[in-house]
Amino acid sequence: MKAVSKGDEPPALTHFRSRCPQATWEAMRNDPYFEGQEAYTQIRNQLLKDQGGICAYCELDISIRDNRPLKCRVEHFHSKSDSTPSKNWALDWNNLLAVCNGGSNPDVKVENLSCDAHKDRMIRKGKLSKACEGWILSPLQVNSFPNLFKVNHFSGKLEPDERACSEALPIQPNTLGSTRELVQNTIDMLNLNCDRLCQERRILIRTIEQGKKEQRKKGFSPTECIENLCKRYFHFRWHQFFSTIRACLGQAAEKYLQKIDYNG
């Protein structure tokens, strides 16, 4: 999970909410009178722009460049079913994220669900509150530096970076106490280490290692090799599994991201 900086609320959402403040998400999506359908389109497009085309949770590519709109859906971080007359979470711009389908296909086993699909399952099983603030990280809480996640190069599993978690500014709210515990619970509740995602990360890690070998064959020094890979992977917003790449390229990645003024 990487930092996300949200852009301005889409005008159509502002308009719809002013006319229908207690509307459900489904009512907005199906509304033909108060720009509800246009609001959904604007929301989705703005979220994809804000997130650089990757899932807010697992960082898979959801940019729908291949015209598969079901790759991307809108997630409510705080469950929209928890709405009250005084707080409609369904239409709260700061509660919305763009995510992948979480592996929710007929041929995917339950243990391979991730992201909002697994999060909703944890809520239904009573293992996570609908008001999940403080129990798991929101990308809006994550700072650009340091990277709170590291990756096991052999298993492809994400882990809390102990040093980064101890050095980072405290994250609030945090019901679990430490940043490391919050990061670990985020990984668990979103099932970011399911076999499906770990396999994809392992493939990427091998590709990065192969890239280092190719750079060395071209005569570049070890330092130049890493710098060239940073330029390759970070020259656009953003390559899928951004945090994995960042962890694999280490301090060179941190220096390069600072150089380009990375801010989510």
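Computed from the coordinates by the stated procedures, all read-outs in this text should not be read as laboratory data. If you're wondering where the values come from, they're calculated on a predicted model, not measured in any experiment. With ideal geometry, Cβ positions are generated from the backbone for all residues, glycine too; neighbour counts draw on all protein chains shown.
Go through LYS2/LYS87; LYS71/LYS217; LYS49/LYS125; LYS71/LYS157 and tell me which ones have a Cα-Cα distance over 30 Å in this structure. Let's see the in-between values first.
Details: LYS2/LYS87 27 Å; LYS71/LYS217 38 Å; LYS49/LYS125 33 Å; LYS71/LYS157 23 Å.
LYS71/LYS217; LYS49/LYS125, as the Cα separations exceed 30 Å there.
Please give the length that would be gained between PHE154 and SER81 if that part of the chain were fully extended, namely 0.36 nm times their separation in residues minus their C-alpha to C-alpha distance (nm, one decimal).
Numbers: separation 73, 0.36 × 73 = 26.28 nm, distance 3.96 nm.
Length difference between fully extended and current span is 22.3 nm.
Rounding to the nearest 10 and keeping the result within 0 to 90°, find how far the Cα-based axis of helix 222-234 lies from the longest principal axis of the chain.
20
What are the principal axis extents of the Cα atoms in segment 35-169, in Å, biggest first?
Rounded to whole Å, the extents work out to 47, 39, 31 Å.
Under a cut-off of 17 Å between alpha-carbon atoms, report the aspartates and glutamates in cross-link reach of LYS6, not counting same-chain residues fewer than 8 places apart.
Partners found: ASP50, GLU59, GLU75, ASP92, ASP261.
Does anyone have the angle between helix 36-50 and the longest principal axis of the chain? Alpha-carbon axes, 0 to 90°, nearest 10?
For 36-50 against the chain, the angle is about 20 degrees.
Rounding to the nearest 10 and keeping the result within 0 to 90°, find how far the Cα-based axis of helix 115-124 lies from the longest principal axis of the chain.
Approximately 50 degrees, to the nearest ten.
Rounded to whole Å and sorted largest first, list the principal axis extents of the Cα atoms in the chain.
63, 40, 36
At most 13 other Cβ atoms within 10 Å and a DSSP loop assignment: could you name the chymotrypsin sites (Phe, Trp or Tyr not before Pro) in segment 1-41 that fit?
Working: sites: PHE16, TRP25, TYR33, PHE34, TYR40; in loops: TYR33, PHE34.
Qualifying residues, ordered by number: TYR33.
Just how many % of Cα pairs in segment 81-123 lie over 13 Å apart, if you round to the nearest whole percent? It would help to have the intermediate numbers written out before the result.
Working: 560 of 903 pairs.
Cα-Cα pairs of segment 81-123 separated by over 13 Å account for 62 percent.
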